[in-house]
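Engineer: One structure, as structure tokens, below. Some questions next.
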Amino acid sequence: MRPSLWPQSLFGRLLAASVGAVLLAQAAGLLLIAQERERFVLQGSVREWTRRIAETTLMLQPMSAGERATAIGELSAPRGGPYNLQAGGAHHTPPGGGPRTGRAAQRGFVRLPLLSDFEQTLKEQLRAVLGPTYDIEVEPTPKAAPPAIPVPVPFYEAHELAAHQGSARRYDVTVRFADGDAVIYRVTRLAGGAPLPRNLFVNLTLLLLLLVIVLFVAARNITRPLSDLARAAERVGRDLRPAQLQERGARELRDAARAFNTMHDRLRRYLDSRTRVLAAMSHDLKTPLTRLRLQVEALDNPPMQARIGRELDEMESMVREALSLFRGLDDGEPAAPIDIDALLTQLRGEFTDMGALVTLTGHALQPYVGKPQALKRCLTNLLANAVNFGTRADILVEDGTELVIRVRDSGPGIPEAQLERVFEPFYRLESSRNRDSGGSGLGLSIARDIAQSHGGSLTLANLPAGGLEALLRLPRRG
């Protein structure tokens, strides 16, 4: 069987499903944040580039051709003079430049579209700010790039710019003055927008850990009462007087625990009432049986006396067996470690002393925790059936995750249709309905009750080579 990655317990599934949902929600949130941040950064970059280009253009516009050429040369240098845009913008404002720059800023920026066409968007933004007196062109930078004024990339640190140099796209923005002169600005657009800040991932990781802790506690509080209920239900077959199940957890779980406690109380009262009734019946039956035995002993006919005596013995035996069966699990015997090998060896010796042929194969790896007298009676009934109806008994012991004891005989077996019926109280096959083979029809029923009280099972099967096998399985619990 291939192992499944999906947890098998309800607690594991609740926790895995909750954590998975949180991870998916965070992944979707990161995707949305990344998309929105990319749009925001690109729109902000276009506005910043527009502002810087507009300010520089308005600063250069009133200059003479010679002054303008000198200023453009200084601005195009990697680390130019007072007009270097890389240093954060033009630091020299000629007379009259301040008001023009202010008017450019006051004109405002148009609302940007989704930036599906970057070149057209930047061009329209510059036209909206500079006005129709300037001719503006935006195009990708050619391989033989002419000298241009670099416009810095906003929202990026130096190490982020260095990491994206390979994927950067450069565009030349040509602004032509009314007198025919032109100035070229070079903007750099980084593919994919600005990366997400590292602090965001740290915060999301801490949030995920906090949510996992909360979900763990919540899932444990939900499943713990269910586990207690399952254990209590499993103990019903082995202990009819366990402690009351604690009613805790959510309302539905408390209702289930309360219903279980009510059911268990009713079952216990029913069994107590049945035991009292049977004890009274036993007492009432023993009295007339005792009077009959006294009357039989007064008979002068020895053959008749012996025959009636055997009938009375059988009736007393049936009463004792019935009382033992009806007491069932409520025998009050505590569980204790049982040396299975020693017990089977003892039973083998007892039956051998009675002239029966009993063999023992295999051994238990460790003691089994159970009810010693009840388990001894179960095995005694199985061996007695094998010896009485199959002439011999072969015991095979296997141990592992469960203790398996097989009792085989060499008799005629049982018809397949009656393999389960023989476990019914007082049911006997036609071949056993005589005093010699004996039995009240309760041995196998009592043996199965004892096996089930230990959480195990008892089944019968005909062997291919002839004979019957009684298979007793007793699970080992940690």
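Engineer: Rounded to the nearest 0.05, what FRET efficiency do Glu137 and Arg231 give with R0 = 60 Å and r taken as the Cβ-Cβ distance? Could you check?
Structural biologist: 0.15
Engineer: Which FRET efficiency value, to the nearest 0.05, is calculated for Ala461 and Leu360 with the Förster distance at 25 angstrom and r the Cβ-Cβ distance?
Structural biologist: 0.80
Engineer: Still on this structure, please answer the following. Give the carbon-plus-sulfur fraction of the accessible surface of the stretch 1-46 in %, rounded to a whole number; probe 1.4 Å, heavy atoms of protein chains only.
Structural biologist: In the stretch 1-46, the share of accessible area belonging to carbon and sulfur is 69 percent.
Engineer: Can I ask one more? Please report, as a whole percent, how much of the solvent-accessible surface of the stretch 331-478 comes from carbon and sulfur atoms (probe radius 1.4 Å).
Structural biologist: Carbon and sulfur together cover 53 percent of it.
Engineer: Rounded to the nearest 0.05, what FRET efficiency do Glu119 and Asp255 give with R0 = 60 Å and r taken as the Cβ-Cβ distance? Could you check?
Structural biologist: 0.30
Engineer: Using the Cα centre as the reference, give the magnitude of the dipole from point charges on the C-beta atoms of the stretch 335-478 (Lys, Arg: +1; Asp, Glu: -1; all else neutral), rounded to the nearest 20 debye.
Structural biologist: The calculation lands at about 280 debye.
Engineer: Moving on. Considering only DSSP states other than H, G, I, E and B, which chymotrypsin sites (Phe, Trp or Tyr not before Pro) in the stretch 324-425 qualify as loop sites with at most 15 other Cβ atoms within 10 Å?
Structural biologist: For chymotrypsin sites (Phe, Trp or Tyr not before Pro) across the stretch 324-425 that sit outside H, G, I, E and B with at most 15 neighbouring Cβ atoms in 10 Å, the list is empty.
Engineer: Based on the mean of other beta carbon atoms within 10 Å per residue, what is the order of 256-266, 177-187, most packed first?
Structural biologist: 177-187, 256-266
Engineer: Taking the Cα-to-Cβ direction at Ala298 and at Ala17 and moving 7 Å from each Cα, how far apart do the two end points lie in nm?
Structural biologist: Between Ala298 and Ala17, the simple spin-label model gives 7.8 nm.
Engineer: A further question on this structure: Which residue, Met318, Gln295, Gln244, has the largest displacement toward the positive end of the dipole of the stretch 219-319 when charges sit on each Cβ (Lys, Arg +1; Asp, Glu -1)?
Structural biologist: Working it through, the farthest residue towards the positive pole turns out to be Gln244.
Engineer: Determine the percent antiparallel among the DSSP beta bridges restricted to the stretch 336-417, to the nearest 5.
Structural biologist: Bridges in the stretch 336-417 that DSSP calls antiparallel: roughly 60 percent.
The values are calculated or read from the model by the stated rules, or taken from the named source; none is laboratory data. It should be emphasised that the depicted structure is a prediction, and the values quoted were computed from it without experimental measurement. Cβ atoms come from the backbone with ideal geometry, glycine included; neighbour counts cover every protein chain shown. Surface areas here come from the heavy atoms of the whole protein model, side chains and all, with no ligands, DNA or RNA. Shrake-Rupley method; radii C 1.70, N 1.55, O 1.52, S 1.80 Å.
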